[in-house]
Amino acid sequence: MLYTEIDSPLGQLLLTGLPSATAPGGTAVASLSVPGQKNAVVVADGWQRDPAAFAETERQLTAYFTGQAKEFALEFAVQGTEFRRAVWDALDDVPYGATTSYGELAARIGASRAAVRAVGGAVGANPLLVLRPCHRVIGADGSLTGYAGGLERKRLLLALEGAVG
């Protein structure tokens, strides 16, 4: 596993990834986590620090944080159940500057209303904070609920995108 740390408005980001012949910059991103994140990835023995492998990811994140980009064109190397992958893929369809509810996300993937909690669990388990926009999922009443990186970071990201004042 490759990794690096980069500075951001959210604090120091930990990026992990795997070599890829087809990904921009040659690295498929496996995770992006922030300090204090619930269930954050921790660098393990044998992992290789390689900032150059994440140069394209860092470039795109910088463009996002400075308001010059609204989406990411990166390859991801994430693992999860079929249900979680469906939820994560649906996150990619929530446009920049918009929000959706857990119930609306469940409907997008064809899940029943009873599955809303499971959708919430999948959103909370998203290993790609910021890159896969789980921060755009809010409560049905418009409240900012649940974010593995903390509600203050969620508020910051939504304000950056103009989704909240």
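Of a type in the set (A, V, I, L, M), in contact (Cβ under 8 Å) with a residue 60 or more places away in the chain, assigned to a loop (DSSP other than H, G, I, E, B) and buried (at least 19 other Cβ atoms within 10 Å of the Cβ): is that true of LEU32 in this structure? For LEU32, the condition - of a type in the set (A, V, I, L, M), in contact (Cβ under 8 Å) with a residue 60 or more places away in the chain, assigned to a loop (DSSP other than H, G, I, E, B) and buried (at least 19 other Cβ atoms within 10 Å of the Cβ) - is not met.
Evaluating SER20 against the criteria (1) open to solvent by 50 Å² or more (accessible area, probe 1.4 Å); (2) over 26 Å from GLY121 (Cα atoms); (3) among the hydroxyl-bearing types (Ser, Thr, Tyr) leaves one unmet condition, (1). For segment 134-143, the criterion of a residue being touching a residue at least 24 places away in the same chain (Cβ under 8 Å) and under 30 Å from PRO19 (Cα atoms) is satisfied by at least one position. Being surrounded by fewer than 17 Cβ atoms within 10 Å (Cβ to Cβ), farther than 27 Å from LEU144 by Cβ and small (Gly, Ala, Ser) is a description that applies to GLY46.
The values are calculated or read from the model by the stated rules, or taken from the named source; none is laboratory data. None of the values given here were measured: they were computed from a predicted structure. Cβ atoms come from the backbone with ideal geometry, glycine included; neighbour counts cover every protein chain shown. Side chains are part of the model used for accessible areas, which takes the heavy atoms of the whole protein and leaves out ligands, DNA and RNA. Shrake-Rupley method; radii C 1.70, N 1.55, O 1.52, S 1.80 Å.
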